[in-house]
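This report refers to the structure that appears directly beneath it.
Read the figures in this text as sums done on the coordinates, not as results from a lab. All values reported here derive from a predicted model rather than from experimental measurement. Don't worry about glycine lacking a Cβ; one is built from the backbone with ideal geometry, like all the others, and counts go over all protein chains shown.
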Amino acid sequence: MTLPNFLIIGSQKAGTTWISKNLSQHPDIFLPKGEPHFFPKENFGKGFEWYERYFQQAAGEKAVGEKSTGYLCVTTSPEIPGNIYRSLPDVKLIAVLRNPVNRAISAFSHYLAGGEIPPFCQIDDLLVGDKQHLVKHLGLIEFGRYYHQLKWYFELFDPSQIMVLFLEDDIIQQPELTLKQICLFLGVDPFFQFQNIDERQNKFRRSQLGVTLGYYLPPMRELVHYMDLSVSHLRERYSLGSGTKYKQVPKESTIQKLYELYEEDNEKLFSLLRRKPTSWQNPARMYAKAC
């Protein structure tokens, strides 16, 4: 039975697709397509034979892994860390974290484009206002409380089995070095020359009409998605301009509230990891210090 010896556990909207796409180039690493999401209770009951099908194409690679960003969403599925530990006690875990304020805004745009958020509600009301209950199930705020999510893993696994990266400081600022560090962590050749590492993943533009139809007519989501992708492809191929991406920009007051909301959890996270990313500072605090 072939099962993974490493997992990319999240977080959402933080560069995990970039990591998996690049690692898939390495001859000593196997990663299946898609996200199995095996360890939440909804799939865990399907058994290891179901899970193993994702790794049938593995051909003796030293590192066999998979990416399921939902594994870090412990708030909604607290059984995940325990299921992983009991099933794969020696597995290595890779977590990528993004400034939680930016992650919340990016996740909002992602779910808005996917037709899962009311298109005429304001981002400020949904993130910090009186309409938060409409999107609570999506974890827009909660999934950015990284300390609360990661502590479950640190309580079960040896710290040497867990690699935590920061999108801004690691992947964006030093992508080549980050890939080498991941290879060393996985025990594969760190000098492999990855190609096209600067290529952006998950590029997609959704029109306002597409957003509205996707929310109010869920059965049409796939058709709308295909239409938007086709238009986006034509723009790119024939240099017709970037088009207009339907998105909402939060007010500065909303951004400030988000920073304050995450402050306590962030400090606990930095203490746990003994590392503090340079790009996560509250802009208001940075301005105050400068003055």
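Applying a threshold of 30 Å to the alpha-carbon distances of K67/K136; K251/K276; K41/K268; K33/K268; K92/K251; K67/K131 flags K33/K268; K92/K251; K67/K131 as lying beyond it. Close amide H partners of E61, meaning residues 5 or more places away or on another chain with modelled amide H under 5 Å apart, do not exist here.
Backbone amide hydrogens, once placed in the peptide plane, bring I162 within less than 5 Å of L93, excluding anything fewer than 5 places away on its chain. For I8, the residues whose amide H sits under 5 Å from its own are E66, K67, S68, I94, ignoring neighbours fewer than 5 places away on the same chain, with H placed 1.01 Å from N. Peptides 150-160, 258-268, 45-55 ordered by packing proxy, namely the average of other Cβ atoms within 10 Å per residue, highest first: 258-268, 150-160, 45-55.
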